[in-house]
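Everything on this sheet refers to the single structure shown next.
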Amino acid sequence: MPRITASLVLITVVACVAWMMTASPMAAPTRAQAILDLWHDASDPTVLVVAHRGVHAGERGGRRYNDRTRLPENSIASIEASIAIGCDMIEVDVRRTKDGRFVLMHDTTLDRTTTGSGRVDESTLEELAQLRLLDIDGRPTEHRIPTLEEALEACRGRILVNLDKTGRFTADCLAIADGMGVADHVVLKGRPRETPLDQWLADRDLSPLGQAQGEGIASFMPIAAFKAHSPAQVEAKLKALLEAGPDAPNWPAIEVCFDGADAGDRLIDAARESTDGRARFWMNSLWDSISGGRSDDRAVDDPEAVWGWMVDRGVTVIQTDEPHRLLEFLRSRGLRP
């Protein structure tokens, strides 16, 4: 009897171990989940990196940026490259087709970035599937225009995604992400201006985002822009946005834009004090008009004056067209592994 009992115990243990190794509910946390934990922890000092339109090559003001790749913007390849170099989030642009599907495309027209022409919303998905994306020199590539579903699938478990340009179709895009089980990978943002934030969300069928944030739910991030403001006005605006959010957890981040170097120098300390410990402080280094004079163009030659200036003043999320360089800078500061 003891031998039979011992054998049964051994068989049971082996079976349990095998089940634990194969059962999906016990699977290890994904990379996206690890990023989400940081995203929702305003007290964590990790600086999160957002790749604008994914890792791609582009040109602005006569200067080429992110010249280490020839990948087109808003492509699956640009998403894969963002994941490969260690970005935490990508920003992509979404447009609606004539037949009600959603694709990644920044412009309202096809002319600049594809082999086609005309408006996106006057083309069907089948027509768009015949086109190719262009490289930085305007030459056709092998890359096609992705659907929103294809982009979300590429992000699944691997990286967060900020959906931009969704406009009046934001709730439809969120429904797609929810149906795919990746709603919590999605970050939405908006600038309520004079409309109360709760009404702004309601007008877009996004009221649930004003009531809860966190696991299984898409994130919403308010945007606040400042120019000829006083520090007191900055504090009042950011306080109002924070108080308009859910009780726990609050908005994971607030995007702050400073129009001009003077505004940035005068007001960034007030913004840091207002967001500190309550939400992550997001800034863009894309161009001067939103970065307080600290744009990617300047960062190429003097990263300390741009990204160092931001990090030293409490910024914990930076969106850039130069994610390679930003990650290298953060590593040089000991802020990324």
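The values are calculated or read from the model by the stated rules, or taken from the named source; none is laboratory data. In this text the structure is predicted, and so the values were computed from the model without any measurement. Cβ: placed from backbone, ideal geometry, glycine included. Neighbour counts: every protein chain shown. Side chains are part of the model used for accessible areas, which takes the heavy atoms of the whole protein and leaves out ligands, DNA and RNA. Shrake-Rupley method; radii C 1.70, N 1.55, O 1.52, S 1.80 Å.
Multiplying the residue separation of Ser230 and Thr108 by 0.36 nm and removing their Cα-Cα distance gives an extension gain of 40.3 nm. Spin-label model, Gln33/Glu149: points 7 Å from Cα along the beta carbon direction are separated by 2.6 nm.
log10 I(q)/I(0), Debye, Cα-only segment 38-94, no solvent, q = 0.30 Å⁻¹? Treating every Cα as an identical point scatterer, log10 I(q)/I(0) equals -1.18. Between the amide H of His143 and those of Leu133, distances stay under 5 Å, these residues lying 5 or more places away or on another chain, with hydrogens modeled in the peptide plane. Set the Förster radius R0 to 22 Å, insert the Cβ-Cβ distance between Ser332 and Ile85 as r into 1/(1 + (r/R0)^6), and round the FRET efficiency to 0.05. The pair Ser332/Ile85 has a calculated efficiency of 0.90. Pairwise inverse Cα distances across segment 235-334, averaged and inverted, put the Kirkwood hydrodynamic radius at 13.8 Å.
Taking the Cα centroid of segment 178-222 and of segment 267-318, what is the distance between the two, rounded to the nearest whole Å? With segment 178-222 and segment 267-318 each reduced to a Cα centre, they are spaced 24 Å.
Here is the P(r) of segment 113-238: all C-alpha pair distances, binned every 10 Å from 0, give 10, 32, 29, 21, 7, 0 in whole percents. Listed values (i) 36; (ii) 29; (iii) 41 include one computed from this model; for percent of Cα pairs over 31 Å apart that value carries the label (i). Considering only Arg280, Arg68, Arg144, give the residue with the highest GNM mean-square fluctuation for the chain, with springs between Cα atoms whenever their separation is below 10 Å. Maximum among the listed residues: Arg68. Report, in degrees rounded to the nearest 10, the 0 to 90 angle that the Cα long axis of helix 323-332 makes with the longest principal axis of the chain. In the chain, helix 323-332 runs at an angle near 80 degrees to the longest axis. Between Val300 and Ala129, full extension at 0.36 nm per residue minus the direct alpha carbon distance yields a gain of 57.9 nm. Once both labels are positioned 7 Å from their Cα atoms along Cα-to-Cβ, the gap between Asp44 and Thr195 label points is 3.2 nm.
The charge dipole of the chain, taken about its Cα centre with unit charges on the Cβ atoms of Lys, Arg (+1), Asp and Glu (-1) only, comes to about 500 debye.
May I ask you to work out the translational diffusion coefficient for segment 238-289 at 20 °C, viscosity 1.002 mPa s, via Stokes-Einstein with Rh from the Kirkwood sum over Cα pairs, reported in whole µm²/s? If you can, show how the numbers build up before the last one.
Details: Rh = 11.7 Å.
The diffusion coefficient I find is 183 µm²/s.
A 1.4 Å probe run over the protein chains yields, for segment 105-146, 55 Å² of accessible area per residue, whole-number rounding.
Here the Gaussian network model covers the chain, with springs between Cα atoms less than 10 Å apart; of Ala279, Ala225, Ala32, Ala225 fluctuates the most. Name the residue, out of Ala271, Ala151, Ala28, whose mean-square fluctuation peaks in a Gaussian network model built on the chain with Cα pairs under 10 Å. Judging by the Gaussian network model, the answer is Ala28. Between segment 230-264 and segment 320-337, the C-alpha centres lie 25 angstrom from each other. Computed on the chain, with alpha-carbon pairs under 8 angstrom and 6+ residues apart, the relative contact order is 17 percent. Note on segment 43-154: with charges restricted to the Cβ of Lys and Arg (+1) and Asp and Glu (-1), its dipole about the Cα centre is near 380 debye.
When the surface is traced with a 1.4 Å probe over the full set of protein chains, Cys257 keeps roughly 10 Å² accessible.
Probe of 1.4 angstrom, ligands and nucleic acids ignored: what's the accessible area per residue over segment 148-304, in square angstrom?
Details: 6670 Å² over 157 residues.
With the other protein chains kept in place, segment 148-304 gives 42 Å² per residue.
Which Cα, out of Pro252, Ala183, Thr166, lies furthest along the positive dipole direction of segment 150-265 (beta carbon charges, K/R +1, D/E -1)? Positive-end residue among those listed: Thr166.
Translational diffusion of segment 275-337 was estimated from the Stokes-Einstein equation, with Rh taken as the Kirkwood radius over Cα pairs; at 10 °C and 1.306 mPa s the coefficient is 136 µm²/s.
Could you please state how large a percent of the accessible area of the chain is carbon and sulfur, counting protein chains only and using a 1.4 Å probe? Carbon plus sulfur share of accessible area: 52 percent.
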